[in-house]
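Asker: Structure incoming, see below.
The values are calculated or read from the model by the stated rules, or taken from the named source; none is laboratory data. On a predicted model such as this, the values are computed, not experimentally measured, just so you know. Using ideal geometry, Cβ is built from the backbone for each residue, glycine included, and neighbour counts are taken over all protein chains shown. Surface accessibility is based on the protein's heavy atoms, side chains included, excluding ligands, DNA and RNA. Shrake-Rupley method; radii C 1.70, N 1.55, O 1.52, S 1.80 Å.
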Amino acid sequence: MDGASGIGSTAISSSFHTDMLCDLGETDNLPILQAMVDHLGDRGGGTLQLPASRRHFRCDGTIRWRSGVSLRGQGAAVSRLVQPTGRLPLIDITGVRGARFDAIAMEGSGLASEPDRDYASAIHGVGDSADIAITRCEIRDWHRAGVAVDGIDGLEISNCVVERTYSSGGVVISKGQMGRRIRITGNRITKTQFGNLHAWGPVSDIFVSENYLDESGWQGGDYRQGNVADNITLYNDARNQNIIIRSNICLNSGENGIHAAADGLVIEGNVIRSPKLYGIIASHKPYERPDPFTQVSIRGNIIECVDASDPDSRGIGLRNCEGFLVADNQIVRAHMGIEILGQGEGLSARSGLVTGNILRKGGACALLLRGGGPILIARNFWQADTFCMYEDRSAIHAIEMHNSQIAE
């Protein structure tokens, strides 16, 4: 998934300068942009060089992209594509293999909720795409999503700004078809009504790192207006594989900071502040399903909840998983610090280690356990009304060793 992977590479190195475009924001440039893309696509690929604009390059419809063709601007502050109608995607990458979009701004028409704007995204694709890179771009004011793709094999989104999106979220990497080899790094994704980054369908080999994600559940003002939205949502009713979520900053979520489930799930080194519910929850949807996911590591995260007296405030939750490690996390002001649920039809919580966690200024309990085991709980430090709360002590096999209460 690095520079040697071929993501965003083009078949040939020829470039095509777009000097004849109108940059005053008054003329529709769609016909000439489409002609340029087709010109390069027919010749095996190349790069469109988008110059700096006096105002912006207006585009009233959708550019049907071609394999091997890339678009490079002079910087998102000066190379701006704007779609004032906001009723269609700006760029459709369905079926495209090998393309890069670099250093441009892609702006929509805002958050109006008319039904015919449901597909308005900056970059949109509905299957059979591969090796797409979106780098150093600024994507704003789209009714559906900044980027919405499905069935993609090879996607890089890095060093971009995505903000003010409405009906689907900031970045959507799967809507039903499998998404593979996806790398989301170094982005700023904020003010999204239904989540900053999420997948509705199955995903595999996902790396999410060093992103700044803020105000999921945003609705043109207060992010806490009842919208169900996580900063990062990578769970669904499918069997996900190999997800790494590392070193992200997740602030002010409308629901959870991070919600993910996969065989081979790593959540480590993230900073999560002011989640409405969980800081981190590792769980399928639906929660009760017959096949628990395996090999889960939640380690070295900092979670700062808002109010320890709020019964909905949770630090870390695990549901229906086997072979898990919860270690070296710091959790502050959670009503329940760590919650492990493995009792009930179809639920399992087995072969777990909970160690080295620091739980400060807590509410009802540091740990809540319901069913499952064996689970070793060792060398944790806590402040709460009680350390470990068992809903049914006879239904869980847990061993507690060398846990210490911290003085107020």
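Asker: Just the residues that are of a type outside the set (Val, Ile, Thr), part of a strand (DSSP E or B) and closer than 12 Å to ILE340 by Cβ, please, taken from the stretch 377-396. Walk me through it before giving the result.
Answerer: Filtering the stretch 377-396 for residues of a type outside the set (Val, Ile, Thr) gives 378-385, 387-395.
In the following step, the residues that additionally are part of a strand (DSSP E or B) were identified as 378, 381-382, 387-390.
Within the stretch 377-396, CYS388, MET389, TYR390 meet the criteria.
Asker: Okay, next question. Just to be sure I understand, how many residues within the stretch 180-190 are within 13 Å of the chain's Cα centre (by Cα) and either without any contact (Cβ under 8 Å) to a residue 12 or more places away in the chain or outside any loop (DSSP other than H, G, I, E, B) (or both)? Full working, then the answer.
Answerer: Narrowing the stretch 180-190 to residues within 13 Å of the chain's Cα centre (by Cα): 182-190.
Narrowing the set further to residues that are either without any contact (Cβ under 8 Å) to a residue 12 or more places away in the chain or outside any loop (DSSP other than H, G, I, E, B) (or both) leaves 182-185, 188-190.
Qualifying residue count, the stretch 180-190: 7.
Asker: Among all residue pairs at least 6 apart or on different chains, which show Cβ distances below 7 Å where the first residue, located in the stretch 382-404, is buried (at least 18 other Cβ atoms within 10 Å of the Cβ) and the second is β-branched (Val, Ile, Thr) and not in a strand (DSSP E or B)?
Answerer: Going by the 7 Å Cβ cut-off, the qualifying pairs are TRP382/ILE406; GLN383/ILE406.
Asker: Hey, can you tell me all the residues within the stretch 82-98 that are closer than 10 Å to SER121 by Cβ and either charged (D, E, K, R) or open to solvent by 20 Å² or more (accessible area, probe 1.4 Å) (or both)?
Answerer: Within the stretch 82-98, LEU88, ASP92 qualify.
Asker: Follow-up question, since we're still on this one. Restricting attention to the stretch 230-271, which residues are more than 12 Å from ASN196 (Cα to Cα), hydroxyl-bearing (Ser, Thr, Tyr) and surrounded by 22 or more Cβ atoms within 10 Å (Cβ to Cβ)?
Answerer: Result: TYR235, single match.
Asker: Taking GLN74 as the residue in question, decide whether it is open to solvent by 10 Å² or more (accessible area, probe 1.4 Å), touching a residue at least 12 places away in the same chain (Cβ under 8 Å) and either part of a loop (DSSP other than H, G, I, E, B) or within 23 Å of ASN187 (Cβ to Cβ) (or both).
Answerer: Numbers: open to solvent by 10 Å² or more (accessible area, probe 1.4 Å): yes; touching a residue at least 12 places away in the same chain (Cβ under 8 Å): yes; either part of a loop (DSSP other than H, G, I, E, B) or within 23 Å of ASN187 (Cβ to Cβ) (or both): yes.
Against the criterion (open to solvent by 10 Å² or more (accessible area, probe 1.4 Å), touching a residue at least 12 places away in the same chain (Cβ under 8 Å) and either part of a loop (DSSP other than H, G, I, E, B) or within 23 Å of ASN187 (Cβ to Cβ) (or both)), GLN74 qualifies.
Asker: Just name the residue that is modelled with the highest pLDDT out of those in the stretch 1-19 that are among the polar types (S, T, N, Q) and in a loop (DSSP other than H, G, I, E, B).
Answerer: Filtering the stretch 1-19 down to residues among the polar types (S, T, N, Q) leaves 5, 9-10, 13-15, 18.
From what is left, the residues that are in a loop (DSSP other than H, G, I, E, B) are 9-10, 13-14, 18.
Working: SER9: 41, THR10: 38, SER13: 40, SER14: 51, THR18: 60.
Per the criteria, the residue is THR18.
Asker: Something else: Could you count how many residues in the stretch 20-45 are buried (at least 16 other Cβ atoms within 10 Å of the Cβ), at pLDDT below 90 and among the aliphatic types (A, V, I, L, M)?
Answerer: Qualifying residue count for the region: 1.
Asker: Next question. Among the residues of the stretch 299-313, count how many are open to solvent by 40 Å² or more (accessible area, probe 1.4 Å) and at pLDDT below 95.
Answerer: Taking the stretch 299-313 first, the residues open to solvent by 40 Å² or more (accessible area, probe 1.4 Å) are 299, 302, 304, 306-307, 309-312.
Then drop every residue that is not at pLDDT below 95, which leaves 306-307, 309-312.
So the count comes out to 6.
Asker: Can you name the number of the only condition in (1) among the β-branched types (Val, Ile, Thr); (2) within 32 Å of the chain's Cα centre (by Cα); (3) within 21 Å of VAL332 (Cα to Cα) that ILE375 fails?
Answerer: (3)
Asker: Among the residues of the stretch 43-52, write down those that are more than 13 Å from TRP65 (Cβ to Cβ) and either touching a Gly at 6+ places or on another chain (Cβ under 7 Å) or among the charged types (D, E, K, R) (or both).
Answerer: Selection gives ARG43, GLY44, LEU50.
Asker: Which of (1) in a loop (DSSP other than H, G, I, E, B); (2) open to solvent by 50 Å² or more (accessible area, probe 1.4 Å) does GLN295 not meet, given it meets every other one?
Answerer: In the conditions (1) in a loop (DSSP other than H, G, I, E, B); (2) open to solvent by 50 Å² or more (accessible area, probe 1.4 Å), GLN295 misses (1) alone.
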